1. As a test question: what accessible area, to the nearest 10 Å², does Met219 have when a 1.4 Å probe is rolled over all protein chains in place?
2. Can you sort Ser204, Ser248 by 1.4 Å-probe accessible area, starting with the largest?
3. What base-10 log of the normalised intensity I(q)/I(0) is obtained for the range 5-163 from the Debye formula, alpha carbons as equal point scatterers, at q = 0.12, 0.17 Å⁻¹?
4. Accessible area per residue of the range 1-150 at 1.4 Å probe, in Å²?
5. Filter Lys95/Lys144; Lys144/Lys205; Lys8/Lys244; Lys23/Lys95; Lys10/Lys35; Lys3/Lys244 down to the pairs with a C-alpha to C-alpha distance above 28 Å, please.
6. Computing the accessible area with a 1.4 Å probe over protein heavy atoms, can you report the carbon and sulfur percentage for the range 64-175?
7. Work out the FRET efficiency for Ile6 and Arg60 from their Cβ-Cβ distance, taking R0 = 35 Å, and round it to the nearest 0.05.
8. Heavy-atom accessible area of Leu160 with all protein chains present, probe 1.4 Å, nearest 10 Å²?
Amino acid sequence: MNKLQILKEKAKGIVIGVSNNPKGRYQLRYEFYQKYGDPFTKGKEGLGNSELAFIEWEIRRGTLNPINDPHPGSPWWREVNSHFLYVATLAQLIKESDETFQGLPVPVNFWLEYINTPNERSWYRAHNSSIISGYQVADELGYKETIYEQYFMNIVLYRLLFAQSMVEGVSFGILGKLFANPRGCAVAIITGVKAFYPDHYPMSKEDIKYVTHRARTFMGFIEDIFDKLLILPHLNTLYGEAAKWNNSPIVLKYVKNNQPLYPISQSESNAAHFYNKLIAKKISTS
């Protein structure tokens, strides 16, 4: 077994060790950012703030719970998170080994770049390439989720890419810049707003109304503006640019005619059909 394979096995072992412990998953990333979160503020998570806030939301919602838990977690969310933990942990192990390897997975190279040069752009490329890679790995598991959960997977992805676009040089104004800052508290705030991120897994009827943009509330109106006006009309362009930023061409398969298409392993008609019904206002949430 060569040195790289040894590190890969060690990274896998670390992730398996926390796979049924949601707080352990969080702790793994917390400790990473204690070392590599902010070069200017010792002991702070810094650039990891938004990621840690998102994991806290996943834990509250229950998606990372063990499958045999009285409140079972989601195979899809667990797999995406586990893959994310693996590529980031492998990069950390490689960095701390003082070894150099060729042919590493794209997200691992981006995490190494982030560790060496931590800033908003290097963080987004490491983080989002890992998420896109996780979506690819967990694609078939997506079909085990409800159609509403599948659509929400698309929402999570395009909001991430939208936030990255502002760091990559596409300006959507001061509000967008605020939400795009991974050092800030915006993600902690927004994940606590059920109009944007569901409280329950599986989704409650109220959650479904928000996810399908059917909530007739003030926050539902804000969500409509955020998604329908700022992001969805530009989805093809956004995903095209994201494929370049993150060296992740697979993301181009997740959109067509400004329609989100994930998951795609069986056919793209499932997500596309749902989206078309949503636009046509034919989905019932009652």
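The values are calculated or read from the model by the stated rules, or taken from the named source; none is laboratory data. Only a predicted model underlies this, so the values are computations on that prediction, with no experimental measurement involved. No Cβ is skipped: glycine too gets one built from the backbone with ideal geometry, and neighbour counts run over all protein chains shown. Surface areas here come from the heavy atoms of the whole protein model, side chains and all, with no ligands, DNA or RNA. Shrake-Rupley method; radii C 1.70, N 1.55, O 1.52, S 1.80 Å.
1. Here the residue's solvent-accessible area equals roughly 70 Å².
2. Numbers: Ser204 35, Ser248 10 Å².
Result of the area sort, largest leading: Ser204, Ser248.
3. Each listed q maps to, in turn, -0.51, -1.04.
4. Values: 6860 Å² over 150 residues.
Here the per-residue accessible area is 46 Å².
5. Details: Lys95/Lys144 36 Å; Lys144/Lys205 19 Å; Lys8/Lys244 26 Å; Lys23/Lys95 25 Å; Lys10/Lys35 19 Å; Lys3/Lys244 30 Å.
Those over the limit are Lys95/Lys144; Lys3/Lys244.
6. Details: 2220 of 4250 Å².
Of the solvent-accessible surface of the range 64-175, carbon and sulfur hold 52 percent.
7. Numbers: r = 36 Å, r/R0 = 1.03.
So the FRET efficiency works out to roughly 0.45.
8. Answer for Leu160: close to 40 Å² accessible.
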